[in-house]
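Here's the structure, in structure tokens; my notes come after.
The values are calculated or read from the model by the stated rules, or taken from the named source; none is laboratory data. Given the structure is predicted, the values throughout are model-derived calculations rather than measurements. Quick reminder, even Gly has a Cβ in these numbers, built from the backbone with ideal geometry, and neighbours come from all protein chains shown.
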Ligand SMILES: [Zn+2]
């Protein structure tokens, strides 16, 4: 195999890694459990966001960090999605729309 071919194969492998990384990032960004967690928080949290709820102090990585506020909502959202608890989702969404 020529060095040129070896170089091209290396470039292909690098591109494949970048594609996999970009796909993983896209999946993470579109995680439906995060969106449902946001919705549940918006509808159900009536806490003071200065010192009663940590939501505003956390970031997108907090959803998967046990012990954070976002993680509590994320776990609840995952349970709703995994169990396909449609009635609960409809209740939350209906409540959400009625408060807007
Ligand atoms: Zn809150």
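Residue 85: more than 19 Å from residue 28 (Cβ to Cβ), out of contact with any helix residue (DSSP H, G or I) (no Cβ under 9 Å at 6 or more places or on another chain) and loosely packed, with under 15 Cβ neighbours inside 10 Å, yes or no? Considered against the rule, which asks whether it is more than 19 Å from residue 28 (Cβ to Cβ), out of contact with any helix residue (DSSP H, G or I) (no Cβ under 9 Å at 6 or more places or on another chain) and loosely packed, with under 15 Cβ neighbours inside 10 Å, residue 85 comes out as no. Filtered by the rule that a residue be under 27 Å from residue 75 (Cβ atoms) and at pLDDT below 90, segment 1-23 gives no residues.
In segment 35-48, the qualifying residues are those that are within 9 Å of the ligand (Cβ to nearest atom) and under 21 Å from the mean Cα position of the chain (by Cα), and the one that is surrounded by the most Cβ atoms within 10 Å (Cβ to Cβ) is 41. Counting only helices (runs of 4 or more DSSP H) wholly contained in segment 24-100, the ones carrying 2 or more residues that are modelled with pLDDT of 90 or more occupy 32-44, 69-82. I'd like to check something: does segment 12-34 contain any residue that is free of Cβ contacts under 8 Å to residues at least 60 places away in the same chain and within 16 Å of the ligand (Cβ to nearest atom)? Taking every residue of segment 12-34 in turn, at least one turns out to be free of Cβ contacts under 8 Å to residues at least 60 places away in the same chain and within 16 Å of the ligand (Cβ to nearest atom).
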